[in-house]
Structure formats: C-alpha cells, structure tokens
Amino acid sequence: MSEKAAVRRGAVGFQGGQVLSIRVPEAELEMLRTALRDGKERWHELEAADGAVLVDLGQVVYLRVDSDEHRVGF
C-alpha cells in the first residue's frame, strides 16, 4: 500500500455486535464494497493502513465510512 494514498476511516460491523475500526485506501474500500454487494466470496483480505485483515463477509452486518469532511471545534 502506498504511503501517499488517501486513507479513509470507517468501521465494519459483524453479527453479534463486534465492530472492526479500519483505515483503508479508497481502492481497498471499493474492493470491499464490491465483494459485499456481489456476495460471491466468503472471505476477503483487506489491506488496512496498519496491516492486512481477513474478513468473513458472511458475518458482516454493515460497513460505515466516515465522510471526507474535516470538522474543527464542537
């Protein structure tokens, strides 16, 4: 993964309530979205900013991705 690639933050929610926080490049995010939509594969390797993660797509309940907006203050 390139150090210069824009990284998006998000979370993958699983059955049972576990949540995996992720930081991934846009290309990896699109591959994960496609794999979830297609439903053809059971396992998907996700190259996150801090290492690779093997995800059981059959257990994924939701994918949340933070917007690109940066907020200052409260």
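Each Lys or Arg adds one and each Asp or Glu subtracts one; over the other residues with Cβ under 13 Å from the Cβ of His44, this totals -3. The distance between label points at Asp50 and Leu36 comes to 2.0 nm (points 7 Å beyond Cα on the Cα→Cβ vector). What is the log10 of I(q)/I(0) for segment 1-52, computed with the Debye formula using one identical point scatterer on each Cα and no solvent, at q = 0.15, 0.18, 0.30 Å⁻¹? For segment 1-52, the Cα-only Debye profile gives -0.42, -0.61, -1.29.
No value in this document is a laboratory result; all are computed from the given coordinates. Just so it is clear, the model here is predicted, and its values are computed rather than measured. Here the Cβ is made from the backbone with ideal geometry for all residues, glycine too, and neighbour counts use every protein chain on show.
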